[in-house]
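First up is the structure itself, then whatever we jot down about it.
The values are calculated or read from the model by the stated rules, or taken from the named source; none is laboratory data. Remember, predicted model here, so these are calculated numbers, not experimental data. Cβ atoms come from the backbone with ideal geometry, glycine included; neighbour counts cover every protein chain shown. Note: areas computed on protein heavy atoms with side chains; ligands, DNA, RNA excluded. Shrake-Rupley method; radii C 1.70, N 1.55, O 1.52, S 1.80 Å.
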Number of protein chains: 2
Amino acid sequence: MERRSFLQKAGAGLAAGIVASPAVSQQSTPALPDIKWRMASSFPKSIDTLFGAGQLVSKRVGELTSGKFQIQVFAAGELVPGLQVLDAVQSGTVEMGHTASSYYVGKDPTFALGTAIPFGLNARQFDAWWIHGGGEALMNEFYKDYSVLCLPLGNTGAQMGGWYRREIKSVADLKGLKMRIAGLAGEVMIKVGVTPQQIAGGDVYPSLEKGTIDATEFIGPYDDEKLGFYKIAKFYYYPAWWEGNATLNAFVNLKQWESLPGEYKAALQTACSEAHTWMVAREDALNPAALRRLVAAGTQLRPFPRAVLQACHQAARELYQEISNKNAKFKKVYDAMDRFQRDEILWFRVAENGYDNYMASAEANSAMTTKAIGAVENR
Amino acid sequence: MERRSFLQKAGAGLAAGIVASPAVSQQSTPALPDIKWRMASSFPKSIDTLFGAGQLVSKRVGELTSGKFQIQVFAAGELVPGLQVLDAVQSGTVEMGHTASSYYVGKDPTFALGTAIPFGLNARQFDAWWIHGGGEALMNEFYKDYSVLCLPLGNTGAQMGGWYRREIKSVADLKGLKMRIAGLAGEVMIKVGVTPQQIAGGDVYPSLEKGTIDATEFIGPYDDEKLGFYKIAKFYYYPAWWEGNATLNAFVNLKQWESLPGEYKAALQTACSEAHTWMVAREDALNPAALRRLVAAGTQLRPFPRAVLQACHQAARELYQEISNKNAKFKKVYDAMDRFQRDEILWFRVAENGYDNYMASAEANSAMTTKAIGAVENR
């Protein structure tokens, strides 16, 4: 896509030692058009970290274009149901949407690769893959079949593994567990004995309260706290091995995108990039205090046992093999992402994890953390 | 600053459930002015990941403004020496610069807090602090005394600890070590027995080759490889406990900033934010292959012993106390950053590190990594 193509050119310029200068000529340009777009969000206003990323794009694009390119953001359900945002963008009902690509795995499991897959990239690694690792070109080639262009728009970071009414001490404890979980994670869960449940958003709390389900997952401390699960399920597990990052996605109708002047394309791209970083920073800034409040309210924090992670990891590998055997689109992107991920883990294991792990274990912090959130098992 | 103030308003809007809409009116606006700026970079073109972030800003701002706001980027030494960029921006010799705030600790140690301090925030934590944790307001209050505004413009991620002619097996091995290292890290090094050396860039390689110095540090595999230190110093240590992230900084002359129309301010802010993310993603994408090449060329990868990290950490804490006792500006920002960091470590220790550590240790990756980079001591 255009941005990728620019970056390649920028790279070439760098290699040749060319001094950068704006490419757009200063010849008198025709006045830019007034354009009004609608952005359908998959998120309710109450989940303000996710919904807010779309709002920031709207605000910024307005500022960048003297208010000539206006994007009005609609919460889930205002124009279309939250899980039908892609369809609305594809059909042209709205010009763009803010959603999670992974919501659409029912159409094609390849959609998961635009957000997160079990045991996939972390947030920074996803950005590296998208921007410099070929991810953008691969995914937008796939999205083209749905008449949309994708721009990353927000990330949750590594999520929590959800709320459980009973402890998960071994793989055996997963057998028969009724958990609200969807997508590829649900398919992996089936392989280790879990019975995934599809339950509409509003019914999750009463189902968990009554014990119709044993567990549910959502996002992380700040977002989860609002839903109140801590009142009815004591055990809060980590990490969500199915969402080591979760990239949210702006989908733009391709025809609408192509009709935009270059200035507006650039406005949308830079605004989405800014909001992408803004969102994960907001999650990171808000999660610690929320985690403290949850623990103060009685939540028991638990790491998934290593054996559980290993069993799920093995099941995930089997699933990717099965899907790849019958879906060439998935295989093409997955294989590229997997290669990239192996390289990233090699590198992160050195300086980045080395630094984080020392800081996490440094005595003063360790004592403080243990006091605040209870004993955290060291894996 | 404006961006911060917007974000606060956005937050208020969210809380009140107000539907976002562009704030700029659609009344006919006066034509935007043609403006040409010069950006002095502290980096040479050859260090293309760092220098490239400035180039991307130039390119994007041009695209966003129909080429009316042009920023020409000059490499280190083309207009001003690399370490005098701040002075050039402050005096108005250039309208803006791309540099590392920490280069200017000689003026005031508070400058280090805008880039990195020993045992400070990691890259994502720095963004969270800057955008949502009060960092932007605190630092720009400080920078105001130098007539500049700061926008983060790039990050290296956690750096490598540099190149050593001999192994560092204990704190005792640091005694008398002649190392090229500057800033607050150099002051911490003195406390543990190192003799920091100030050597001009071009003299570092011959000094290390001749043994005039025992060690030097730079950035990470991709950038370090270009300088060729692996040919003359076998041991490559990690992590750089003095740069768990290194935020690069765009400094804009305050008068020039205030003279910009709102559209151009927004263009510069969003372009810097995009390039900020682009840079760390580029480092992350390029470092793995560079690390492999270095190891293939004979580099011995070594983690700093935990006792060394602990001694340096203790020395850093003493240094911050000493500086705080005599510098109220430093104390104000440091105390706020330190509080924020303790919270971040609490949270990252749960889902984020839990996920990264499992992935790093997962069997397949572990075997692959060990083969590629040699046995990595597990701390």
Principal axes first, then extents: for the Cα atoms of segment B:254-346, list largest minus smallest coordinate on each axis, whole Å, largest first. 53, 42, 26
Taking placed amide H atoms and a strict 5 Å upper bound, the residues 5 or more places from B:Y238 or on another chain that come that close are B:G161, B:R302, B:F304
Scoring only Lys, Arg, Asp and Glu (+1, +1, -1, -1) among other residues with Cβ under 12 Å from the Cβ of B:Y164 yields +3
Checking the cross-link filter: which lysines have an alpha carbon closer than 16 Å to that of A:K175, excluding same-chain neighbours under 8 positions apart? A:K191
Given label points at 7 Å from Cα along Cα→Cβ, what nm distances, shortest first, separate B:G176 from the same residue in every other copy? 7.0
Taking every residue of B:51-62, the Cβ atoms of other protein chains inside 10 Å of its Cβ average out to 5
Counting only residues 5 or more apart in sequence or on a different chain, those whose built amide H sits under 5 Å from that of A:I35 are A:F69, A:Q70
Can you tell me the order of B:274-283, A:185-194 when each peptide is scored by its average per-residue count of other Cβ atoms within 10 angstrom, highest first? B:274-283, A:185-194
For segment B:211-255, build the convex hull from the C-alpha positions and give me its volume per residue in Å³. 132
Rounded to two decimals, what ratio of Rg to Rh does chain B give with C-alpha atoms and a Kirkwood Rh? 0.98
Would you please give the residues with an amide H less than 5 Å from that of A:N155, counting only those at least 5 places away or on a separate chain, with H modeled from the backbone geometry? A:L248, A:M279, A:V280
Looking at the axis that maps chain B onto chain A, which chain B residue has the closest Cβ, and how far off is it in Å, rounded to a whole number? B:T270, 2
Counting only other chains, and only Cβ atoms inside 10 Å, what mean value do you get across the residues of A:39-48? 2
Which value, in Å², gives the accessible area per residue of chain B when a 1.4 Å probe is used on the protein heavy atoms? 35
Against the empirical 2.2 N^0.38 Å scaling, what ratio does the C-alpha Rg of segment A:90-196 come to? 1.25
For segment A:92-234, what does the relative contact order come out to in percent, with C-alpha contacts under 8 Å and a separation of six or more? 23
Sequence gap at least 6, Cα distance under 8 Å: using those rules, report the relative contact order of chain B to the nearest whole percent. 21
To one decimal in nm, how far is A:E78 from the same spot in the other copies, if labels go 7 Å from Cα toward Cβ? Please give the shortest first. 4.5
Take the Cα gyration tensor of segment A:183-265, multiply each eigenvalue by 5, square-root it, and list the three semi-axes largest first, rounded to whole angstrom. 35, 16, 14
Could you pull the accessible area for A:H132 with a 1.4 Å probe, rounded to 10 Å²? 60
Let me have the 222 nm mean residue ellipticity of chain A computed from DSSP H runs of 4+ only, each contributing -39500 (n - 2.57), with the sum over all residues rounded to the nearest 500. -15500 deg cm²/dmol
First compute the accessible area of chain B with a 1.4 Å probe, then give the percent of it belonging to carbon and sulfur atoms. 50
Segment B:239-246 - phi-based ³J(HN,Hα) in whole Hz, Karplus 6.51/-1.76/1.60, Gly and Pro as x: x, 6, 5, 8, 9, x, 8, 9
Partner chain Cβ atoms within 10 Å, averaged over the residues of A:128-135 - can you pull that number for me? 5
Enumerate the helices in chain A for which the Kyte-Doolittle hydropathy averages -1.0 or more and the C-alpha atoms extend at least 24 Å along the helix's axis, using complete DSSP H runs. A:262-296, A:306-326, A:328-348
Describe numerically, in nm with one decimal, the distance between label points set 7 Å from Cα along Cα→Cβ at B:T93 and at B:Q72. 1.7
Heads up, I need the accessible area for B:K59: 1.4 angstrom probe, whole protein in place, Å², nearest 10. 40
Straight-line reach only, C-alpha to C-alpha below 16 angstrom: list the aspartates and glutamates that B:K144 could link to, leaving out same-chain residues fewer than 8 apart. B:E2, B:D87, B:E95, B:D108, B:E136, B:E258
Determine the distance separating the Cα centre of segment B:63-101 from the Cα centre of segment A:154-199; give it in Å without decimals. 52
With a Förster distance of 41 angstrom and the Cβ-Cβ distance between B:L32 and B:R306, calculated FRET efficiency to the nearest 0.05 equals 0.15
With solvent modelled as a 1.4 Å probe, how much accessible area in total do chains B and A shield from it at their shared surface, in Å² to the nearest 100? 10400
Using only alpha carbons, build the gyration tensor for segment A:206-313 and give me the equivalent ellipsoid semi-axes, biggest first, whole Å. 36, 17, 15
Between segment B:219-275 and segment A:292-347, how many Å separate their Cα centres? 32
What ratio of Cα Rg to 2.2 N^0.38 Å holds for segment A:32-98? 1.08
Across all directions of projection, what mean area in square nanometres is found for the Cα convex hull of the protein assembly as shown? 29.7
Within the protein assembly as shown, what percent of beta bridges assigned by DSSP are antiparallel, to the nearest 5? 45
